[in-house]
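First the structure, in the form of structure tokens, and then the observations on it.
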Amino acid sequence: MDKRPVKVTDLTLRDGHQSLFATRMRTEDMLPIAEKLDSVGFYSLEVWGGATFDVMTRFLDEDPWERVRLLKEKMPNTKLQMLLRGQNLVGYRNYADDVVDAFVEKCCDVGIDIFRVFDALNDERNCTAAFRAIKNCGRHIQGAISYSLTEERLGGPIFNIGYYVDKARKIEDLGADSLCIKDMAGIISPYDAYELVSRLKETISIPIHLHTHYTSGMASMSCLKAIEAGADGIDTCLAPFAYRSSHSPSEAFAVALKGTPYDPELDLGKMSEIDDYLEEIIPSKLRSFSDRTHYAVIDIEVIMHQIPGGMISNLVSQLKQAKALDRLGEVHGEIPRTRQDMGFPPLVTPTSQIVAVQAVFNVIAGRYKMISNEVKDYFYGLYGRPPAPVNEEIRSKALKGYPRGTTPIDKRPADILEPELPGAREALKSISEDIGDILIYALYPMTGLQFLKKKYGKE
């Protein structure tokens, strides 16, 4: 066979600690291993996006833009990658197009090379502004499909091969440079991965990447079958930040693929040195944020509740704060019912949080006795078009008295949004005129403002 080295994207500095340690790894703990990571031979390093931006300003009192700048200085030879939630950016709602344009431009300025862009509902309309902005900046667009199921295996009336092939075609037509199958819950089985990648390789011409979490225990097998089917890249994490609700270990693939046509030729010695460092910081700085509700390395219940890796540790943390951790099993059981009511949205930020929070409300207060504002916005159409019809009775209940009206919209949500940057500039005029700071405020008007007041000694 001809050589076809698989491109390995390492997620240790983003999705690894988001999945296992509630995104609490600090920049100061990343910098000591940055140069070694740069020399391992990874195709790219995911260092940003997802929940990192929010957690840095809300909990860590760190400037998110500074993290990327510092890492870029230490890692000039490896592409830096981020996860962008389409029109949601790194927030929890759709933002106006002017915010999307400015955010992407700022990301490029600080050093992001590859943007993995997805929409929680797989509504491609919510990716058009981000795609355009990234293309204008001359950076790589990796369009992503949020992988979801309604059954234990690929198929059924909604999430079948035809669904994913159709979405892949649309993403390629929008101008993506590569495609990512984004399995945020770790539910793609090995033979489904093989079939799906095989069909996609027949359908589209851009490279295909598989992102899958280890939660169900199938990730390494699924990655291997995807590679055999023609996948061009996979996602992994270094061993101390791998397994459980995170990802397959980078080290295992460095060994398993050695001497094969797929050999990525990663430096195992360098990875071992980084592993030793990570093992040292976990007990003192990160372990308290981990999910210790069970001993098993896998959670096969994920096939039913489909909670993504990054949400599991946060859900446990939220229930702890509410002194209701003993009801975690009830919440797991309620999530699929709430998800069905909402038209089977794939569970990935922000829909995972929206569904999970409502499921917690349903368990603690009674079904839909309390309805979050985000659920009301969702039923109105502010997050996009769900994959399947919603429960009309629940939607009517949610939209009763809703300030925007009771008739849902069916257009691109951002089309009804006014430009937001002028208001953000005005709100910050006595604090900062820096566009990075203005974007922090635009994304998080409350917690972002608190962070900026501390940053500039106003509080």
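Against the conditions (1) more than 21 Å from MET1 (Cβ to Cβ); (2) over 19 Å from the mean Cα position of the chain (by Cα), LYS182 satisfies every one except (2).
You will find that of ALA176, ALA168, ALA193, ALA130, the residue that is surrounded by 20 or more Cβ atoms within 10 Å (Cβ to Cβ) and more than 19 Å from the chain's Cα centre (by Cα) is ALA193 and no other. The residue that is farthest from PHE115 (Cα to Cα), counting only those in segment 61-98 that are small (Gly, Ala, Ser) and modelled with pLDDT of 95 or more, is ALA96. Using the structure shown, decide if ILE431 is closer than 15 Å to VAL100 by Cβ and either assigned by TED's automatic domain parsing to the domain that holds GLU124 or surrounded by 13 or more Cβ atoms within 10 Å (Cβ to Cβ) (or both). No, not satisfied.
Listed by position, the helices (runs of 4 or more DSSP H) contained in segment 316-398 that have at least 2 residues being among the small types (Gly, Ala, Ser) and farther than 20 Å from ASP183 by Cα are 328-341, 351-365.
Looking for whichever is in the same structural domain as PRO345 (by TED's automatic domain parsing), within 30 Å of GLU105 (Cβ to Cβ) and out of contact with any helix residue (DSSP H, G or I) (no Cβ under 6 Å at 6 or more places or on another chain) here; the options are GLY381, GLY366. Which one fits?
Of GLY381, GLY366, the one residue that is in the same structural domain as PRO345 (by TED's automatic domain parsing), within 30 Å of GLU105 (Cβ to Cβ) and out of contact with any helix residue (DSSP H, G or I) (no Cβ under 6 Å at 6 or more places or on another chain) is GLY381.
The set of residues from segment 351-362 being modelled with pLDDT of 90 or more and in contact with a helix residue (DSSP H, G or I) (Cβ under 6 Å, 6 or more places away or on another chain) comprises ILE354, VAL355, GLN358, ALA359, ASN362. If you check TYR262, TYR295 for being in contact (Cβ under 8 Å) with a residue 40 or more places away in the chain and aromatic (Phe, Trp, Tyr), only one passes: TYR262. Listed conditions (1) under 28 Å from the mean Cα position of the chain (by Cα); (2) assigned to a loop (DSSP other than H, G, I, E, B) are all met by PRO403, apart from (1). For the criterion of being in contact (Cβ under 8 Å) with a residue 24 or more places away in the chain, surrounded by fewer than 16 Cβ atoms within 10 Å (Cβ to Cβ) and not β-branched (Val, Ile, Thr), MET304 passes. Scanning segment 150-186 for residues that are part of a loop (DSSP other than H, G, I, E, B), of a type in the set (A, V, I, L, M) and either in the same structural domain as PRO389 (by TED's automatic domain parsing) or at pLDDT 95 or above (or both) yields a count of 4. Scanning segment 410-419 for residues that are surrounded by fewer than 18 Cβ atoms within 10 Å (Cβ to Cβ) and in a loop (DSSP other than H, G, I, E, B) yields a total of 5. Return a yes/no flag: does segment 429-444 have any residue that is farther than 30 Å from MET56 by Cβ and part of a helix (DSSP H, G or I). No, segment 429-444 contains no residue that is farther than 30 Å from MET56 by Cβ and part of a helix (DSSP H, G or I).
For segment 219-242, the set of residues classified as without any contact (Cβ under 8 Å) to a residue 60 or more places away in the chain and within 17 Å of the chain's Cα centre (by Cα) consists of ALA219 only. What number of residues within segment 241-270 satisfy the criterion of being in contact with a strand residue (DSSP E or B) (Cβ under 9 Å, 6 or more places away or on another chain) and outside any loop (DSSP other than H, G, I, E, B)? So the count comes out to 8.
Exactly one residue among GLY86, GLY111 is in the same structural domain as ILE234 (by TED's automatic domain parsing), farther than 23 Å from SER248 by Cβ, touching a Lys or Arg at 6+ places or on another chain (Cβ under 6 Å) and not hydrophobic (A, V, I, L, M, F, W, C), and that residue is GLY111.
When the test is whether a residue is in the same structural domain as ILE161 (by TED's automatic domain parsing), modelled with pLDDT under 95 and either crowded, with 24+ Cβ neighbours inside 10 Å or β-branched (Val, Ile, Thr) (or both), THR215 passes it. Residues in segment 285-315 that are among the polar types (S, T, N, Q) and either part of a helix (DSSP H, G or I) or modelled with pLDDT under 75 (or both): SER288, THR293, SER313, ASN314. Annotation: of all residues in segment 395-409 being of a type outside the set (Lys, Arg) and surrounded by 13 or more Cβ atoms within 10 Å (Cβ to Cβ), the one that is nearest to VAL375 (Cα to Cα) is ALA398. If the condition is being crowded, with 20+ Cβ neighbours inside 10 Å, over 18 Å from GLU28 (Cβ atoms) and not small (Gly, Ala, Ser), then segment 240-261 contributes TYR243, ARG244, HIS247, PRO249, PHE253, LEU257.
The values are calculated or read from the model by the stated rules, or taken from the named source; none is laboratory data. None of the values given here were measured: they were computed from a predicted structure. Methodologically, a virtual Cβ is constructed for each residue, glycine included, from the backbone with ideal geometry; neighbour enumeration extends over all protein chains shown.
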